[in-house]
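What follows is one structure encoded as structure tokens, with my remarks underneath.
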Amino acid sequence: MFLAFYEWQLIQVRHQSEESRGAPHLAKADESPEAMFQRTLQMDARLARTLTAGGILTLEELAYVPLGELLGVQGLGETDAQLYRKRARQYLLGDAIGDSGDEGTIDA
């Protein structure tokens, strides 16, 4: 039962992330996923490329896909996965409650 609910949540996250691609509050016009990760999460370019090459293209995916799936991205270590997962969740929470933060970035 728990597994079915968890799978349903994952499907919802993926569906929402597909709908939000290009949403103005997350990605600016003509902004790549790499640039959005760098801007919103203070991530370096190498790690941003690693995530997108691994199929992680939105903050929602980074924040809510299972940790095991994130760790399956070649070149992404557990420390970075945990750090940027936390930052993505904080950014999304701030966005949901209308907290614009400090120029669209979040600190861990």
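A short reminder: the numbers here are calculations on the coordinates, not readings from a lab. The structure presented is a predicted model; accordingly, all values stated were derived computationally and were not measured. No Cβ is skipped: glycine too gets one built from the backbone with ideal geometry, and neighbour counts run over all protein chains shown.
The table for this structure:
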| item | result |
| --- | --- |
| Charge tally in the Cβ shell below 15 Å around Arg49, where Lys, Arg are +1 and Asp, Glu are -1, Arg49 excluded | -2 |
| Which of Glu69, Glu34, Glu60, Glu78 has the fewest Cβ neighbours within 10 Å, and the rest in rising order | Glu78, Glu69, Glu34, Glu60 |
